[in-house]
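Below: one structure, written as structure tokens.
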Amino acid sequence: MTPSRALATRAGHRLATGVIHTVWRPRVLGAWRVPGTGPAILAVNHTHNVDGPVLFGTAPRPVRFLVKREAFVGPLGPFLNVIGQLRVDRSGPDRAAITSALAVLEGGGVLGIFPEGTRTVGDFAALRAGLAYFAVRSGAPIVPVAVLGSAERRGPVVRALPPVRARIDVVFGAPFHAGDGSGRRTRAALDAATRGIQERLTDHLKDARRRTGR
């Protein structure tokens, strides 16, 4: 990442931190578990459109997310580009997005992924193989993240968003490495890695719900 892009990403992170803590009341648990330096992958459950911005504004380090290309429209598109978010075409393998994501990790940055690929009930029940591929190929640790409460209630004015000053919990789990350590990226190896990742993410989500009462 160029110095100017890195500066813009850090500035976007600071801006998002201020906005998220002003609009809602995020409670952040376990942020110390995100490695302070070096590559890391944040694997996040996804129940609402605000989950990405909430994590971007509460993570201890700037995060570059893989974001669906449909979000890069209107004034939001240039902003996402400036702060270093990565456009991905979900209709098929997007080699440009894959290359960009690996470059983030190779440069020692933090990559954010919604491993289910789209909004769901947020229980990590249907993981795609992309997360395993990035983790195995880069060797970066995966940090499980549970965002809870974003979809519980609708705001009285802007129905598409949680109510202003609503409590949203962001719970970071212990980092772990995917795969068997061999670095193999065969279909069988990635399928096995995905199953192992799913188990770890599901366990973290259960623990996060127990800790937060959600």
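Read-outs: derived from the displayed coordinates by stated rules, not from any lab. As the structure is a computational prediction, the values presented were derived from the model and not from experiment. Using ideal geometry, Cβ is built from the backbone for each residue, glycine included, and neighbour counts are taken over all protein chains shown.
Quick look at the values:
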{"item": "Additional length obtainable on full extension of the chain from ALA188 to THR212, 0.36 nm per residue less Cα span", "result": "5.0 nm"}
{"item": "Region 148-214 - Debye-derived log10 I(q)/I(0), Cα point model, q = 0.19, 0.21, 0.23 Å⁻¹", "result": "-0.79, -0.86, -0.93"}
{"item": "Difference of contour (0.36 nm per residue) and Cα-Cα distance, ALA103 to LEU7", "result": "32.9 nm"}
{"item": "Among 174-180, 70-76, the order from most to least packed when residues are scored by Cβ within 10 Å on average", "result": "174-180, 70-76"}
{"item": "Mean Cα-pair separation over length for the chain, i.e. relative contact order, pairs under 8 Å, 6 or more apart, %", "result": "28"}
{"item": "Hydrodynamic radius (Kirkwood) for region 3-212, which is based on Cα pairs only, to one decimal in Å", "result": "17.3"}
{"item": "Protection proxy ranking of 163-173, 31-41 - average other beta-carbon atoms within 10 Å, highest first", "result": "163-173, 31-41"}
{"item": "Beta bridges per DSSP with both ends in the chain, % antiparallel, nearest 5", "result": "20"}
{"item": "Per-residue HN-Hα couplings for region 62-71 [Karplus 6.51, -1.76, 1.60; θ = phi - 60°; Hz; x = Gly/Pro]", "result": "x, 10, 10, 8, 7, 10, 4, 4, 4, 7"}
{"item": "Under 14 Å, Cβ to Cβ, from ASP94 - net charge with Lys/Arg +1 and Asp/Glu -1", "result": "+4"}
{"item": "Length added when fully stretched, PHE72-LEU29, from 0.36 nm per residue minus Cα-Cα", "result": "12.4 nm"}
{"item": "Sum of side-chain charges, ILE197 neighbourhood, beta-carbon under 13 Å (Lys, Arg +1; Asp, Glu -1)", "result": "-2"}
